[in-house]
Amino acid sequence: MSNYPHIFQEFRPIVDQSNEERLYFLEEDRWIGYPAANDLLDQLKGMLTLPKRSRMPNLLVLSKPNNGKTSIINQFFKLYGEGYTNEFNNAVKPVIVVQAPVSPDEKALYMAILDRFWEPFRERDPVAKLRYQVVHCLKLYEVKLLIIDEMNSLLCGTPIKQRTVMNAIKYLCNETQIPIVGFGTEEAVRVLYTDPQHVSRFRVVNLPLWQLDKDFQVIVNKFEKVLPLKQPSRLAEPATVKYLHDITEGNLGNLRSLLREAAKKAIITGQEYIDHQLLESLK
């Protein structure tokens, strides 16, 4: 294992496995932390312990598509969201993560939440009944935080439908006194302006594209340290970092995908490292 100092120590044993096993390893989701993501995780963690009050703080996280927001959601749920049984033998679900309906629809939102509880319902049930079930489950399972991903989907309907769904979200927050966090693309901020009250209830946080700076160099170096290649690629050298930034335009998901494909090719061809020529072949 000491032969691979360019790899994080915990992943060095992977390098000596078969090509098939290493290729499988590359396909797995793997968390790589960075300052903006870690800061957001800390903010979300803090929201779990907020005392209940009449006006709970909410958050809207905005990001370019494929720039890491889903990875943050998954990592937060892994750390703090897994269900458990409390001392009274009752099931507890501290965090519920749902995807916003593909278009603004109050009933679809409630059904998405109920799915997370494995709660039976009928699609033809009236909205009021589904709303009651959702509130009941959020309280029964002691939910501390509700996360709604793809909030930008709510922009696909009429202004009236947008207001209806946003009012439903406001109602859930008021009735359960649970903070709500929305994630979406930058356009999602427009859903807040369906009602001035929503603007005041949601604090907005942006996850911008990466600049060509020291932080980007650091994250590139971290990515190399989880690629199970037998030879160092030295991706953090300034010229390579600039090239990677130019190709990916500072988009974290694009960087992850590019380096995954490059590592796969390096394994399959037996090259065992990533260089400029290999990256060029993937364009």
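At a glance:
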item	result
Test: GLU123 is farther than 28 Å from PRO51 by Cβ, over 23 Å from the mean Cα position of the chain (by Cα) and charged (D, E, K, R)	yes
Test: residue in region 84-95 that is among the basic types (Lys, Arg) and either without any contact (Cβ under 8 Å) to a residue 40 or more places away in the chain or not assigned by TED's automatic domain parsing to the domain that holds ALA262 (or both)	yes
So PHE76, is it closer than 30 Å to GLU175 by Cα, touching a residue at least 12 places away in the same chain (Cβ under 8 Å) and surrounded by 15 or more Cβ atoms within 10 Å (Cβ to Cβ)	yes
LEU59 vs. criteria in a loop (DSSP other than H, G, I, E, B) and not charged (D, E, K, R)	no
Per-region count, region 266-278, residues free of Cβ contacts under 8 Å to residues at least 40 places away in the same chain and either exposed (fewer than 15 other Cβ atoms within 10 Å of the Cβ) or under 27 Å from the mean Cα position of the chain (by Cα) (or both)	4
Pairs where the first residue, in region 155-184, is farther than 15 Å from PRO57 by Cα and the second is aromatic (Phe, Trp, Tyr) and crowded, with 21+ Cβ neighbours inside 10 Å, C-beta under 8 Å, 6+ apart	ALA168/TYR110
Enumeration of residues in region 9-37 that are within 12 Å of ILE267 (Cα to Cα) and either β-branched (Val, Ile, Thr) or in contact with a Ser or Thr (Cβ under 9 Å, 6 or more places away or on another chain) (or both)	VAL15
Tally of residues being loosely packed, with under 15 Cβ neighbours inside 10 Å and either β-branched (Val, Ile, Thr) or in contact (Cβ under 8 Å) with a residue 24 or more places away in the chain (or both) across region 240-249	2
Some residue of region 189-199 being touching a residue at least 40 places away in the same chain (Cβ under 8 Å) and β-branched (Val, Ile, Thr)	yes
Any hit, region 239-247, residues being closer than 25 Å to THR70 by Cα, out of contact with any helix residue (DSSP H, G or I) (no Cβ under 9 Å at 6 or more places or on another chain) and of a type outside the set (Val, Ile, Thr)	yes
Top-ranked residue of region 224-252 - restricted to ones that are polar (S, T, N, Q) and assigned to a helix (DSSP H, G or I), ranked as farthest from TRP210 (Cα to Cα)	THR240
Matching entry among LEU255, LEU192, LEU279, LEU259 (being in a helix (DSSP H, G or I) and within 30 Å of PRO159 (Cβ to Cβ))	LEU192
Boolean, LEU278 is under 20 Å from PHE25 (Cβ atoms), modelled with pLDDT under 95 and touching a helix residue (DSSP H, G or I) at 6+ places or on another chain (Cβ under 6 Å)	no
Some residue of region 199-212 being part of a helix (DSSP H, G or I) and not charged (D, E, K, R)	yes
Hits in region 55-84 - residues which are at pLDDT 95 or above and β-branched (Val, Ile, Thr)	VAL61, ILE72, ILE73
Residues of region 11-66 classified as basic (Lys, Arg) and more than 27 Å from PRO232 (Cα to Cα), total	5
Criterion: modelled with pLDDT of 95 or more and of a type in the set (S, T, N, Q) - qualifying residue of GLN177, GLN197	GLN177
Near pairs, Cβ below 9 angstrom, 6+ apart or cross-chain, from region 222-233 (over 11 Å from LEU26 (Cβ atoms)) to any residue that is of a type in the set (S, T, N, Q)	GLU224/SER233; LYS230/ASN3; GLN231/GLN271; SER233/THR240
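The values are calculated or read from the model by the stated rules, or taken from the named source; none is laboratory data. Quick caveat, the model's predicted, so the values are computed rather than measured. Every residue, glycine among them, receives a Cβ derived from its backbone with ideal geometry; neighbour counts consider all protein chains shown.
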